[in-house]
1. Determine, from the Cβ-Cβ distance of residue 19 and residue 244 and an R0 of 41 Å, the FRET efficiency 1/(1 + (r/R0)^6), rounded to the nearest 0.05.
2. Please report the carbon-and-sulfur percent of the accessible area for the stretch 115-200; probe 1.4 Å, protein heavy atoms only, DNA, RNA and ligands left out.
3. Mind grabbing the base-10 log of I(q)/I(0) for the stretch 110-209 at q = 0.11, 0.12, 0.15, 0.21 Å⁻¹? Debye formula, identical points on the C-alpha positions, no solvent, two decimal places.
4. Starting from the Kirkwood Rh over alpha-carbon pairs, what translational D in µm² s⁻¹ does the stretch 155-198 have by Stokes-Einstein at 10 °C and 1.306 mPa s?
5. Could you work out what % of the accessible surface of the stretch 1-50 is carbon and sulfur, using a 1.4 angstrom probe and leaving DNA, RNA and ligands out of the count?
6. Residue 46: accessible area at probe 1.4 Å, nearest 10 Å²?
7. Round to the nearest 0.05 the FRET efficiency obtained for residue 29 and residue 212 when R0 = 22 Å and r is the Cβ-Cβ distance.
8. For the stretch 84-147, which chymotrypsin sites (Phe, Trp or Tyr not before Pro) are both in a DSSP coil and crowded by at most 16 other Cβ atoms within 10 Å?
Amino acid sequence: MGGLRPWARYGLLVVAHLLALGLGAVVFQALEGPPALQLQTQLKAELATFQAEYGACLPPRALEELLGVALRAQAHGVSSLGNNSEASNWDLPSALLFTASILTTTGYGHMAPLSAGGKAFCVAYASLGLPASLVLVATLRHRLLPVLSCPGTWVAVRWQLAPAQAALLQAAGLGLLVASIFVLLPALVLWGLQGDCSLLEAIYFCFGSLSTIGLGDLLPSQGRGLHPAIYHLGQLALLGYLLFGLLAMLLAVETFSELPQVRAMVTFFGSSGSMTPEDQGSILGQDELSLSTLPPDAPAAGQAPAC
């Protein structure tokens, strides 16, 4: 395959991506189609039973109108179900969690602006906040990645490992550390605190949060039955979890992207010409270069930082 032209390589990559999309769609259709139909049938049966018992007491289409209002309010995170003494959706801890979901691009969907001013401010805040978050992540990555690579370097020197083996060991170790601390451990805590979710659902929620998928099917707890102080403390804990967990996930992805096998694959699908230093660097590294304020007499790009 090394003799393929660049356009053929790109075409092969696009075809492989489309096949992966199609395969994922087929699998999800097979897995989720029957439960969705079953839930739809159950909902229709419940509505038919309710209308048969109380239909004489309700005006025509009154139930549909009420459900429509409730669903539209639920789409913005507003609900009258549960304990009415709970704090507002837009108290300070809830607003902090909402802004964190914007800056981390998680987007749980459990809250949304209602007013025109809120929607306009959300656009402006995200437009300014997302680049600032990228700068912060790039800076922290620049400081933390060399520190995290020191144990791998020490093991590689002590065991006299080849550079490729040392890189693989470092990536595997960091991946296991991030998965244990930021996925498995929080999932166990969530599983213990939330009696209505399984361990798989807790892992699913943690991974969806850190990968910024945020499908919105599992949401932060609404605090029913919890003391307000404990509820707000949980929101602040989730805020810190999103910020630190996303940084840890990006560090792990950056480490895996530097593996020789991954770089060889990127080079294969890249251009056939010689690679420039900008092409050889990572995305975050390019962000750091473009945002750097180093003086002209800064060290050369090829100089390796000290561990």
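1. Working: r = 36 Å, r/R0 = 0.88.
That pair, residue 19 with residue 244, gives E of 0.70.
2. In the stretch 115-200, the share of accessible area belonging to carbon and sulfur is 76 percent.
3. Log-scaled intensity ratios, in q order: -0.63, -0.72, -0.91, -1.02.
4. 127 µm²/s
5. The value for the stretch 1-50 is 74 percent carbon and sulfur by accessible area.
6. Per-residue accessible area (residue 46): approximately 110 Å².
7. On the way: r = 24 Å, r/R0 = 1.11.
Efficiency for this residue pair is about 0.35.
8. Working: sites: 90, 98, 108, 121, 125; in loops: 90, 108.
Those that pass, being in a loop and sparsely packed, are 90.
The values are calculated or read from the model by the stated rules, or taken from the named source; none is laboratory data. Given the structure is predicted, the values throughout are model-derived calculations rather than measurements. Quick reminder, even Gly has a Cβ in these numbers, built from the backbone with ideal geometry, and neighbours come from all protein chains shown. Quick note on the areas: whole protein, heavy atoms, side chains included, nothing else; ligands and nucleic acids left out. Shrake-Rupley method; radii C 1.70, N 1.55, O 1.52, S 1.80 Å.
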